[in-house]
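K.L.:
Sharing a structure here in structure tokens format.
The values are calculated or read from the model by the stated rules, or taken from the named source; none is laboratory data. Keep in mind that what you see is a predicted model, and the values were worked out from it rather than measured. Neighbour counts are summed over all protein chains in view; Cβ atoms, including those assigned to glycine, are modelled from backbone coordinates with ideal geometry.
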Amino acid sequence: MSHAHLPTAARAFIPKAERTRVNVSLILLTLALGAFAFGTAEFAAMSLLPEIAADFSLGEPAAARVVSAYAIGVVVGAPLIAFPLARVSRRRLLIGCMALFAFGNGLSMMAPSFSTLLVFRFASGIPHGAYLGIAALTAASLVERDKRASAVATVILGLTLAMIVGVFAVTALGQAYGWRWAFASPGLLAVVVTGLCIWQLPQDMPDRRAGALTELKGLWNRQIWLVLLTGAIGFAGFFAVYAYTASILVAVTGLEKRWVPIMIALYGFGMTGGTFVAGRLADRALLRTPVIFLSAGALALVGFALAAENAWTVGLAMLAVSFFSATSGVLQTRLMDVAGNAQTAAAVFNHSAFNVANAIGPWLGGIPIALGYGFSSVGFVGAALSLGGLAIWLLACAESHRTRTPASARR
């Protein structure tokens with residue numbers, strides 16, 4: 001897309017001298033590649049918990065704290081970046097986030113002890129939500145309004161493709177040469193993406209009306225929190241299953257460990273397809289899309305619990321679960337409609353919400369396992385969480401219709 005086709009909104013914040021070099025397709029590709037690096041580092045760590053545990057002489061539940069440390073970093077990093085840096089240009093924020101991520105992964109690779117690894121994983125998670133949120137805002141601002149969901153979905157596709165290519169490759173490397181490759185590889189990729197951001201992203205003019213106080217005041221909007229809560233609860237259903245999938249495939253399905261990375265890649269295929277379809281559907285029916293996906297996702301999660309004993313049926317269930325869990329980009333687009341003056345804060349908090357899901361999903365999924373109901377019971381927990389997210393979304397839609405805000409006009 002040439003500068004002549006830039007929407008009016010993009011022309012407002014991109015200086016005239018910069019418009020001649022804007023290539024929207026390349027920018028979206030760069031942003032998606034950055035998301036790919038974040039996704040690889042986040043999900044590969046889960047797949048290599050046995051190797052991390054063995055290296056530091058820990059049990060897997062204790063080693064799982066590296067996942068929690070990263071998730072906490074994401075949640076904490078959102079306000080640390082969104083409020084103090086509200087007046088910083090998106091280009092500088094994106095470059096800074098990628099550079100910090102590269103540095104954190106480099107330190108994680110060299111961690112001499114488990115305690116230092118936890119600190120470095122926490123630091124690596126800090127820019128995660130900010131990068132993905134600001135990348136989504138940037139992508140949406142470069143296209144027409146009725147293409148926003150698709151543009152955001154393009155960025156999110158980087159995350160989902162990481163579950164196919166990135167996690168598979170890094171898990172294989174980690175199992176063969178050591179878990180440190182789980183952080184070295186995305187760290188090196190982050191260095192490359194930092195350079196691409198410097199080269200591709202145009203100099204933009206931040207809104208001088210923006211500021212920490214403006215963003216904070218903008219968050220006094222019930223609709224924002226209902227959308228965020230939808231993601232935190234609804235997506236927790238996916239993580240309740242994802243966190244225990246490797247154990248289920250070995251202990252319940254009866255597969256050998258060497259098949260686990262290949263089966264885990266099915267989640268990536270499903271989520272990639274779901275992200276693409278959800279983005280196109282949301283361009284036409286933004287409010288209805290999460291209703292469809294959360295409802296179908298609950299059914300898929302029940303199917304997972306019932307299908308876990310057979311490799312073929314559990315594989316199909318994994319595809320369905322991940323396909324209908326792909327609502328991140330849709331919720332991100334909805335936040336743009338309801339966030340008002342809190343665009344940056346709402347955007348980065350969206351990914352914090354999904355990392356809250358990452359924390360509570362495995363925790364809630366572990367309760368019935370500890371009570372003796374077996375690994376497959378996590379599917380029922382996941383279904384309940386998906387239905388919880390659906391209930392919150394329906395409440396948000398109902399309140400939006402009652403108040404009849406301009407943002408609610410898109411159905």
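K.L.:
Identify the residue in segment 231-252 that is farther than 13 Å from VAL314 by Cβ and among the small types (Gly, Ala, Ser) and, among all such residues, is surrounded by the most Cβ atoms within 10 Å (Cβ to Cβ).
P.N.:
So, considering only residues that are farther than 13 Å from VAL314 by Cβ and among the small types (Gly, Ala, Ser), the one surrounded by the most Cβ atoms within 10 Å (Cβ to Cβ) is GLY237.
K.L.:
Can I ask one more? Hey, among the residues in segment 158-203 that are within 16 Å of the chain's Cα centre (by Cα) and at pLDDT 90 or above, which one's farthest from SER89 (Cα to Cα)?
P.N.:
PRO186
K.L.:
OK, next. Output the residues belonging to segment 75-94 that are surrounded by fewer than 19 Cβ atoms within 10 Å (Cβ to Cβ), β-branched (Val, Ile, Thr) and part of a helix (DSSP H, G or I).
P.N.:
Once the filter is applied, which keeps residues that are surrounded by fewer than 19 Cβ atoms within 10 Å (Cβ to Cβ), β-branched (Val, Ile, Thr) and part of a helix (DSSP H, G or I), segment 75-94 yields only VAL76.
K.L.:
Has segment 204-215 got any residue that is in the same structural domain as ALA82 (by TED's automatic domain parsing), modelled with pLDDT of 75 or more and either of a type in the set (Asp, Glu) or closer than 30 Å to ALA41 by Cα (or both)?
P.N.:
Within segment 204-215, none of the residues are in the same structural domain as ALA82 (by TED's automatic domain parsing), modelled with pLDDT of 75 or more and either of a type in the set (Asp, Glu) or closer than 30 Å to ALA41 by Cα (or both).
K.L.:
In segment 113-160, which residues are basic (Lys, Arg) and within 26 Å of ALA278 (Cα to Cα)? Even if it seems obvious, please write down each step before you answer.
P.N.:
Step one: list which residues in segment 113-160 are basic (Lys, Arg), which gives 121, 145, 147-148.
Across segment 113-160, the qualifying residues are ARG145, LYS147, ARG148.
K.L.:
Of all residues in segment 257-296, how many are under 27 Å from LEU394 (Cβ atoms), more than 17 Å from the chain's Cα centre (by Cα) and of a type outside the set (A, V, I, L, M, F, W, C)?
P.N.:
The qualifying residues number 6.
K.L.:
Is it true that VAL348 is more than 23 Å from LEU219 (Cα to Cα), in a helix (DSSP H, G or I) and either of a type in the set (A, V, I, L, M, F, W, C) or without any contact (Cβ under 8 Å) to a residue 24 or more places away in the chain (or both)? Even if it seems obvious, please write down each step before you answer.
P.N.:
Working: more than 23 Å from LEU219 (Cα to Cα): no; in a helix (DSSP H, G or I): yes; either of a type in the set (A, V, I, L, M, F, W, C) or without any contact (Cβ under 8 Å) to a residue 24 or more places away in the chain (or both): yes.
When the stated conditions are applied, VAL348 does not pass them.
K.L.:
Let me ask something else about it. Out of all the residues in segment 307-343, which are in a loop (DSSP other than H, G, I, E, B), under 18 Å from SER400 (Cα atoms) and of a type in the set (S, T, N, Q)? Full working, then the answer.
P.N.:
Filtering segment 307-343 for residues in a loop (DSSP other than H, G, I, E, B) gives 308-310, 324-327, 339-342.
If we keep only those that are under 18 Å from SER400 (Cα atoms) as well, we get 339-342.
Within segment 307-343, ASN341 is the sole residue that qualifies.
K.L.:
Tell me which residues, restricted to segment 315-332, are buried (at least 24 other Cβ atoms within 10 Å of the Cβ) and either over 15 Å from GLY234 (Cβ atoms) or among the polar types (S, T, N, Q) (or both).
P.N.:
ALA317, MET318, SER322, SER325, THR327, SER328, GLN332
K.L.:
So for segment 286-309 (the condition being surrounded by 18 or more Cβ atoms within 10 Å (Cβ to Cβ) and without any contact (Cβ under 8 Å) to a residue 24 or more places away in the chain), does at least one residue qualify?
P.N.:
yes
K.L.:
Continuing with the same structure: Those residues that are outside any helix (DSSP H, G or I) and surrounded by 21 or more Cβ atoms within 10 Å (Cβ to Cβ), I need them from segment 34-74; list them, please. So that I can check it myself, show each step before the final result.
P.N.:
Step one: filter segment 34-74 for residues outside any helix (DSSP H, G or I), giving 48, 56-59, 64.
Listed by number, the list holds a single entry, LEU48.
K.L.:
Quick check: anything in segment 111-133 modelled with pLDDT under 95, more than 23 Å from ALA53 (Cα to Cα), surrounded by 24 or more Cβ atoms within 10 Å (Cβ to Cβ) and of a type in the set (Ser, Thr, Tyr)?
P.N.:
yes
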